[in-house]
Amino acid sequence: MIPELGEFALILALGFSFILATIPLYGAATLNALWMDYAKPLAKAQFTFLLISFMCLAYAFANDDFSVQYVANHSNSQLPMQFKLSAIWGGHEGSLLLWAFILSGWTLAVSLFSRGLPLDMLARVLGVMGIIATGFISFLLWTSSPFLRYLPRFPADGADLNPLLQDFGLIVHPPMLYMGYVGFSVAFAFAIAALLSGRLDAAWARWSRPWTNIAWAFLGAGITLGSWWAYYELGWGGWWFWDPVENASLMPWLVGTALIHSLAVTEKRGVFKSWTLLLAIFAFSLSLLGTFLVRSGVLTSVHAFASDPERGFFILVLLLLTIGGSLTLYAFKAPNVKSESSFGWLSREMLLLINNVFLVVMAITVLLGTLYPLLIDALGSGKISVGPPYFNALFVPIMSLLALSMGISGAARWRQTSISGLKKQLLVPAIISLVVGLVFPFIYGDGFNFRVFLGITISTWIIATTAKEFKDKFRNTNSITAKLSQLTLSYYGMMLAHLGVAVVAIGITLVSTYSEERDMRMAPGDKIELADYQFEFKGAKKVKGANFTADEGTIVITLEGEPVVTLYPQKRHYTVKRSMMTEASIDPGLFRDLYLAMGEPLGNDGAWAIRVHYKPYVRWLWLGGLLMALGGLLTVFDKRYRSKSSSEVAHA
Amino acid sequence: MPRLLLFIPLALFIALSFFLWKGLSIDPRKLPSALIDKPFPEFQVAALLQPERMLSKADFVGKPVLVNVWATWCPSCRQEHEQLLRIAQDNKIDIIGLNYKDERAAATNWLRQLGNPYLFNIYDEAGMLGLDLGVYGAPETYLLDAQGVVRHRHVGVVTAQTWVELQAMIQALGVKQ
Amino acid sequence: MLRFFIIALLSITSVYAAIDTYEFKDKDKELRFHKLSADMRCPKCQNQNLADSNAAIATDLKQKIYLMLEADKSDVEIVDYMVERYGDFVLYEPRFNAQNAVLWLGPGVLLLLGLITIIWLTRRRDNKNDENSESRPELDAKQQKQLQQVLNKGKK
C-alpha cells in the first residue's frame, strides 16, 4: 500500500509541477497577477508531494519491504539501519527521486526567501524550475520508478547494498553533490526569467548571487567528500581518477566558479551581462549533461553500469529541450553589449574576465577529454582512452596561469589600474612566493623539483596577495576591530575561498610529488621501511562484522624506534553479495597519512601482499575544498541579503 | 556584438547532441581487436590432448578457421559450448581451441564430458599466446582467413545469432578468394 | 564522484585493490614500473589502470611489464608492445597524431581564441565609445542608483 501511495504522490507532484510550468509563466507573459500568484502555492504543493513520495520509499527501506524491486535490489534485512536509509539513493531510481526531491526543495526555498522579487520575476523563476521538475518527474515515472513491485512472489531477502556504498561517505556525499548540481537550476531559472522578461538589468544578478554561491558551495563540498570517500574506501590511495563520473561533477563546478565571479562583476559594474547569462545556462547544462553521461551508459566509468539506451534517450530529449531551448532563447534575446560602465585594459573587470576564460577553458578541456573517446568511436575510428596523464598535462599550466592572474586581480582596482600601482602592490608578494617556491623543495625534499617549485610558488603567491590585500584594508584606520567588523561576510567568504585554492594547490603538489608507495609480500614478523617509518607485520586473523567476515592484519608502525600507531587493514568478504573488499586502514595527520591496504594471502606461511602508502599533505586537498565551500556559504549570510529579507518581514 | 556570435553555443550544443545520440547506440565496452587485418601471431605451443605434439601456425593456415579462446574456469565458456558443438556439426569451418590459462587435466575432462567441437586445442598454460593475440578474457572467438590473417573478433558468448553473423563473414571471405 | 550510484547497478562482484609484489633491483625501474602501470588502462575492467586493477589480464600485463623492464626494454618498447596487442585503448595518455590533434591542441587554441575575443570586443567597445564621444564615468553613480531603484521596487 505504502509504495503505491509513493507512486501516487509522485504522479500528483508531476501534476503540480506541470501546472507550475505553465500557468505562472503564462500569467507573467499576459501580466495576469492572479495566475502569477499561483506559483508559490504550487511550489509548496509540488514539494509536499515529493516529500511524501520520498518518505514512502524511506518507509519501504526501513521496513524491509522486499516486494518493492528497488528495495530488494539495494537492501538487505541484515543491513544496519543508517545504510538502509542511505540505500534510498544507492541506485539509479532512488537517486533520481532524490534529485527531483531536492529540486522541489530549491523551488520551495526560492518561493520562501525571495519576497523582494517582483511578482512576474518570481512567477517566471518558479515556472522555469517547474519545467525542469516536469521533465525529471516524467523521467522517473516513465523509465525509472522506484516503486515497482515483485508481485505476487517476491524475494525473502534483499540482494544487499553494494559493500562499497555501506559507508558514511554514501550517506552524506550524494545529497551534498545533488544540492549543488540541482542548486544551479536556480541561477539557470533566474537567467531564463531575465531573458524572457527582457529586463537584463543588474538586478537579476543581485538576486541570483546568493543562490549561485550556496549551490557552488554544496557542489564543492560534495566533490570534496567524494574525493575523500574514494581515497579511504577504494583502497587504491588515489583521491582523483579523472573518471567520467568525477569529471561530470567537476565541469559544473568550474563553470560555477566562473559564474560566481562574473555575477559579482555584473552586479557591481553592470558589465558582462550576456557572458554571465551564458555561464548561468552553462553551469546547469553541464549538471544535466553529467546526469546524462552517468545514466545513459555512453561512457564507461570506473565501474561500468548496465547501460540503458531507453533511459539515455529520454534524458537526451530532456537535454535537447532544456539546453537547446535555453540556448535558442539566449541567441535571440541576449543583450547586445550595452555596458553600463566602461573599464580599462588593465582593470579588475578585465582580469576577472580573463580568469573566467581560464576557468571555462578548463571546463571545456574536461568535457573534451571526457567525450573525445565517444567522438572518435562515433566517427568509427576505433577506441581510445583519455586519462589522468592528459588531464594533468593540460590542467597544470592553465591552473598556474589562473593562479597568477588571481593574485593580480585581487590587487587591481575596478575601472582602471596603473601598472605602477600594481607593481607597488605585488612586488613583495612576488618576491616572497618566488623565494619560498625556490627554497621549499630543498628543505622539504632532496633537491630542486620544478613541479614543487611551481606549485609552492603559486600557492604562496595566492596566500601572499590575499594577505596583502587584507592588510591594506587597515591602512587608513585606527581601530582594527572596528574595521574587522566593518568588512562584509562576502569579503571574508572570498578570502577564505581563495585561501582554500592555495591549500588545495599545496596538497596536490606535495602529495603527487612526495608520496611513497611499496607493494610488499609480508610474512608475520617482516619489517619494511618507508619514508623513515618502520612497518612490522604481526600477522592476520579472522574477524566477523555485521554482514561480512574479514581477514584483519595487524601492523605496528614505529618512527625511529618510537611507536606511532598500530593499524588494522582488512580484506572483507561480504556474505550476501559474495564480494571482496579492501578496507584500508589509515593513520591520518595534517602533514602526512600512513595508508595500509591488504591484497591477497600469499603462500602458506601466513604472508600477505601489503600495500603501504606514505602520503604527505593529502588532507590539505579536502581541507582546502572545505575552506572554499565554507567561503561560499559565508557570503550567503552577508548582511546585504539578510537585511533585505528582514525588512521584508517587517513589511509582511 | 555581432548577433551571430550568440548562436555559437547553440550550434556547438547541437553538434554535441548528435554525438551523444550516436553514442547511445555504441557499446563502449566492446573493444575491437588490435590485430584485425594483421597476421595471427607466430607460436610454438604444445597441444592440449597430445602434450608431446608441438603446434604452430602452419597447422591451420590454408583455409579460414575460427579460433575459440576458452577455459574451464570461465562460466560463459560453458554457456557457449553447445553452440560450438552445433557449429562443428554444421561442418562449414574448423574450430581451433585456444585453451587459455587452464589446467590440463580439468580441460581434458571438460572435453570428454561435454564433447569436443575443436579440430585441436592449443594449450596456452601461461597465457602468453593469449597476450600476443590481445585476449583480455575468455571467451573470445577469432575468425582467420586462409592466409592466417585475423578478420574478426567476437568477445563473449557465441550464440546462434553470432553464428549467423560469422557465416556471413566466412562467405564474404570465400568470395574474395 | 558519483561512481557509487553506478556501482549499485553493476554486475561486477568484486572491487578491491590489486596488490602485487614485485621486487626490483633498482629504484629507477620500480618508478618506471609504477608509472607505466598507472598510465595504462586495463582492457578488461575498462576504467581502471593496470596498477589498481585486480583482473587476471591486468595481472598478466603487469607481469609482462615487469619482465620487459628486467630485460632492459625501454618505455617506448613496452608501450609499443602493449599497443600492438591491445590497441590505443590501453593508453591513458593518447598519442599525439592527426586523430587526436583536436584533443591535444583544442584547449590551447580555445584559450587563445578566448583572449583574442576579449581583446577584439574591448577594442570595438572602445572605438564605439570614442565615436559617441561618450566616456561616461559620471553615469556610473547614476546607474548604481538605478540598480538600487529596481531592487527597491522589488521590495514594494
For this session: Report yes if some residue within segment A:624-635 is closer than 30 Å to A:Leu487 by Cβ, modelled with pLDDT of 90 or more and either within 13 Å of chain C (Cβ to nearest Cβ) or in a strand (DSSP E or B) (or both); otherwise report no.
Result: yes
For this session: Inspect all residues belonging to segment A:498-515 and state whether any of them is touching a strand residue (DSSP E or B) at 6+ places or on another chain (Cβ under 8 Å), part of a strand (DSSP E or B) and within 14 Å of another protein chain (Cβ to nearest Cβ).
Result: no
Seminar exercise, completed: Counting only residues that are among the basic types (Lys, Arg) and more than 11 Å from chain B (Cβ to nearest Cβ), segment C:60-87 contains a total of 2
Problem set entry | Check on B:Leu98, hydrophobic (A, V, I, L, M, F, W, C), buried (at least 21 other Cβ atoms within 10 Å of the Cβ) and assigned to a strand (DSSP E or B) | yes
Seminar exercise, completed: So, first residue free of Cβ contacts under 8 Å to residues at least 12 places away in the same chain and facing chain A (nearest Cβ under 10 Å) in segment C:93-119, second residue assigned to a helix (DSSP H, G or I) and among the aromatic types (Phe, Trp, Tyr), Cβ within less than 7 Å, six or more apart or across chains; the pairs are C:Pro94/A:Tyr390; C:Leu103/A:Tyr372
For this session: Filter segment A:559-582 down to the residues that are of a type outside the set (S, T, N, Q), within 14 Å of chain C (Cβ to nearest Cβ) and more than 11 Å from A:Gly599 (Cα to Cα), then identify the one that is surrounded by the fewest Cβ atoms within 10 Å (Cβ to Cβ).
Result: A:Arg578
Problem set entry | Boolean, B:Ala15 is away from chain C (no Cβ under 14 Å) and not in a loop (DSSP other than H, G, I, E, B) | no
For this session: Please determine, by comparing only the residues of segment A:248-299 that are part of a loop (DSSP other than H, G, I, E, B) and touching a residue at least 40 places away in the same chain (Cβ under 8 Å), which one is nearest to the other protein chains (Cβ to nearest Cβ).
Result: A:Val298
Seminar exercise, completed: Of the candidates A:Phe147, A:Phe188, A:Phe136, the one satisfying the condition of being in the same structural domain as A:Phe314 (by TED's automatic domain parsing) and of a type in the set (Phe, Trp, Tyr) is A:Phe188
For this session: Output the number of the condition that A:Thr477 fails; it satisfies all remaining conditions of (1) in a loop (DSSP other than H, G, I, E, B); (2) β-branched (Val, Ile, Thr); (3) under 30 Å from A:Phe391 (Cβ atoms).
Result: (3)
Exercise. Which one of C:Arg41, C:Arg85 is of a type in the set (D, E, K, R) and in contact (Cβ under 8 Å) with a residue 24 or more places away in the chain?
Worked result: C:Arg41
Exercise. Got a number for residues in segment B:18-43 being part of a helix (DSSP H, G or I) and either touching a residue at least 40 places away in the same chain (Cβ under 8 Å) or in contact with a helix residue (DSSP H, G or I) (Cβ under 8 Å, 6 or more places away or on another chain) (or both)?
Worked result: 6
Seminar exercise, completed: Considering segment B:18-53, residues that are farther than 29 Å from C:Val83 by Cβ and exposed (fewer than 15 other Cβ atoms within 10 Å of the Cβ), and then whichever is nearest to the other protein chains (Cβ to nearest Cβ), we arrive at B:Phe18
Exercise. Can C:Ser53 be described as over 24 Å from A:Asn73 (Cα atoms), at the interface with chain A (Cβ under 10 Å from one of its Cβ atoms) and modelled with pLDDT under 85?
Worked result: yes
Exercise. Could we say that A:Thr513 is in contact (Cβ under 8 Å) with a residue 12 or more places away in the chain, more than 19 Å from A:Trp608 (Cα to Cα) and surrounded by fewer than 21 Cβ atoms within 10 Å (Cβ to Cβ) here?
Worked result: yes
Seminar exercise, completed: Per the filter on segment A:451-487, residues surrounded by 14 or more Cβ atoms within 10 Å (Cβ to Cβ) and among the small types (Gly, Ala, Ser) are A:Gly455, A:Ser459, A:Ala464, A:Ala467
For this session: Kindly establish whether C:Asn47 is closer than 22 Å to B:Arg153 by Cβ, surrounded by 15 or more Cβ atoms within 10 Å (Cβ to Cβ) and either facing chain A (nearest Cβ under 10 Å) or at pLDDT 85 or above (or both).
Result: yes
Exercise. Failed condition for A:Met176, given (1) farther than 20 Å from A:Gln82 by Cβ; (2) modelled with pLDDT of 90 or more, with all others met?
Worked result: (1)
Problem set entry | Selected residue (only one of A:Ala523, A:Ala482, A:Ala540, A:Ala502 is outside the structural domain of A:Ala258 (by TED's automatic domain parsing) and under 35 Å from the mean Cα position of the chain (by Cα)) | A:Ala502
For this session: Return the residue satisfying two criteria in turn: it lies in segment A:583-606 and is away from every other protein chain (no Cβ under 14 Å) and part of a strand (DSSP E or B), and of such residues it is farthest from C:Ala55 (Cα to Cα).
Result: A:Arg592
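The values are calculated or read from the model by the stated rules, or taken from the named source; none is laboratory data. Keep in mind the model is a prediction, meaning the values are calculated, not measured. Cβ: placed from backbone, ideal geometry, glycine included. Neighbour counts: every protein chain shown.
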